[in-house]
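Chemist: Here it is, the structure in full.
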Amino acid sequence: MSKQDYMNTSVQEPPLDFSFKSIHVIQDLVTEEPRTGLLPLKHSKSGKSLTQSLWLNNNVLSDLRDFNQVVSQLLEHPENLAWIDLSFNDLTSIDPVLTTFFNLSVLYLHGNSIQRLGEVNKLAVLPRLRSLTLHGNPIEEEKGYRQYVLCSLPRITTFDFSGVTKTDRTTAEVWKRMNMKPRKTHIKENAL
């Protein structure tokens, strides 16, 4: 199968689903059997999964140590990972490893323990990220939660399972002007 054929077909492939498995560490995915769905998973000749979706929701993960290595062992084309579901785990931050998957378009992080709203800034480097969930984390209680996320991630179209409207964008921009300090620009003395 050519890489182009893979890109065209794997979006419809069922996810590699490790949800509800009581997984404590990412390394356990190597020995754990994924859940089976209505459609069987397709595998490459090397035995790796041909999917762009990885579901790790409803486990007890507190960090993503070894995530890249394990995903490379499980997926034929880990660089094409487009959907990661890490909802309902014990994550306290957004691990920078998630920002290495440039084709990521859907990221579910709801129902975790993410404490700092600034963690969202890490996701700004993901050019294809369109759908993000963060509700059910402590950051949801912070003033301006939705506006901050929409300002930080202007390309997302769905946030917390709700479509982002033009009004949302306008409200976020007004909020940004009123609440976020502009970055100071340093003028070189030689330029004066």
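The values are calculated or read from the model by the stated rules, or taken from the named source; none is laboratory data. It should be emphasised that the depicted structure is a prediction, and the values quoted were computed from it without experimental measurement. Using ideal geometry, Cβ is built from the backbone for each residue, glycine included, and neighbour counts are taken over all protein chains shown. Side chains are part of the model used for accessible areas, which takes the heavy atoms of the whole protein and leaves out ligands, DNA and RNA. Shrake-Rupley method; radii C 1.70, N 1.55, O 1.52, S 1.80 Å.
Chemist: Have a look at the DSSP beta bridges in the chain and tell me what percent are antiparallel, nearest 5. Write out the running numbers ahead of the final one.
Modeler: Details: 4 of 18 bridges.
Beta bridges within the chain, antiparallel portion: roughly 20 percent.
Chemist: Still on this structure, I have one more. Counting Lys +1, Arg +1, Asp -1, Glu -1, what net charge surrounds Asp66 among other residues with beta carbon under 12 Å of its beta carbon? Display every interim value, and only then the final one.
Modeler: Details: positive: Arg65; negative: Asp28, Asp63, Asp95.
Spelling it out: positives minus negatives among the neighbours equals -2.
Chemist: Describe numerically, in nm with one decimal, the distance between label points set 7 Å from Cα along Cα→Cβ at Asn179 and at Thr158.
Modeler: Inter-label distance under the simple model: 2.5 nm.
Chemist: Within segment 1-149, what whole-number % of the accessible surface is contributed by carbon and sulfur, with the 1.4 Å probe and all protein chains included in the calculation? Could the numbers behind the result be given before it?
Modeler: On the way: 3860 of 7340 Å².
The value for segment 1-149 is 53 percent carbon and sulfur by accessible area.
Chemist: Something else now. What does the extension gain come out to for Thr36 and Ser113, with contour length at 0.36 nm per residue minus their alpha carbon separation?
Modeler: 24.9 nm
Chemist: Before I look further, what does the chain give for accessible area per residue, probe 1.4 Å, in whole square angstrom?
Modeler: Numbers: 11160 Å² over 192 residues.
For the chain, the solvent-accessible area averages 58 Å² per residue.
Chemist: How much length, in nm to one decimal, is gained on full extension between Ser46 and Gln69, taken as 0.36 nm per residue of separation minus their Cα-Cα distance? If you can, show how the numbers build up before the last one.
Modeler: On the way: separation 23, 0.36 × 23 = 8.28 nm, distance 1.62 nm.
The span from Ser46 to Gln69 would gain 6.7 nm if fully extended.
Chemist: Same structure, new question: Identify the chymotrypsin sites (Phe, Trp or Tyr not before Pro) of segment 9-64 meeting these criteria: DSSP loop state and at most 16 other C-beta atoms within 10 Å of the C-beta. Spell out each step's value before the answer.
Modeler: Values: sites: Phe18, Phe20, Trp55; in loops: Phe18, Phe20.
The qualifying sites are Phe20.
Chemist: Treat each spin label as a single point 7 Å out from the Cα along the C-beta direction, and report the Val60 to Ser93 distance in nm.
Modeler: Placing both labels 7 Å beyond Cα along the Cβ direction yields 2.3 nm.
Chemist: Can you give the net charge of the other residues whose Cβ lies under 13 Å from the Cβ of Glu33, counting K and R as +1 and D and E as -1? All intermediate terms of the calculation are to be shown ahead of the outcome.
Modeler: Values: positive: Lys21, Arg35; negative: Asp17, Asp28, Glu32.
Result for the local shell: -1.
Chemist: Debye sum, Cα scatterers, the chain, no solvent: what log₁₀ I/I(0) at q = 0.08, 0.10, 0.13, 0.18 1/Å?
Modeler: At q = 0.08, 0.10, 0.13, 0.18 Å⁻¹ the computed log10 ratios are -0.31, -0.46, -0.73, -1.21.
Chemist: Mind grabbing the base-10 log of I(q)/I(0) for segment 97-154 at q = 0.22 Å⁻¹? Debye formula, identical points on the C-alpha positions, no solvent, two decimal places.
Modeler: Debye intensities relative to I(0), on a log10 scale: -0.86.
Chemist: Helix-only estimate, please: 222 nm mean residue ellipticity of the chain, summing -39500 (n - 2.57) across DSSP H runs of length 4 or more and dividing by its residues, to the nearest 500. Show your work: numbers first, answer last.
Modeler: Numbers: 4 runs with 37 residues, N = 192.
Computed mean residue ellipticity for the chain: -5500 deg cm²/dmol.
Chemist: Then there's this: Let a ≥ b ≥ c be the square roots of the eigenvalues of the Cα gyration tensor of segment 7-78; is it rounded (a/c under 1.5), or, if not, prolate (a/b larger than b/c) or oblate? Could you put the intermediate results ahead of the total?
Modeler: Details: a/c = 1.96, a/b = 1.45, b/c = 1.35.
Judged from the Cα gyration tensor, segment 7-78 comes out prolate (a/c at least 1.5, a/b above b/c).
Chemist: Given that compact globular proteins tend to follow 2.2 N^0.38 Å, what is the ratio of the alpha-carbon Rg of segment 86-129 to that value?
Modeler: Working: Rg = 10.1 Å, N = 44, 2.2 N^0.38 = 9.3 Å.
Normalised Cα radius of gyration, segment 86-129: 1.09.
Chemist: Are there chymotrypsin sites (Phe, Trp or Tyr not before Pro) in segment 95-181 that DSSP puts in a loop and that have at most 11 other Cβ atoms within 10 Å, and which ones?
Modeler: Numbers: sites: Phe101, Phe102, Tyr108, Tyr145, Tyr148, Phe159, Phe161, Trp175; in loops: Phe101, Phe102, Phe161.
Answer by residue number: Phe161.
Chemist: Once the dipole of the chain is set up with Lys and Arg at +1 and Asp and Glu at -1 on Cβ about the Cα centre, which of His110, Ile26, Leu153 lies farthest towards its positive end?
Modeler: Result: Leu153, furthest along the dipole toward the positive end.
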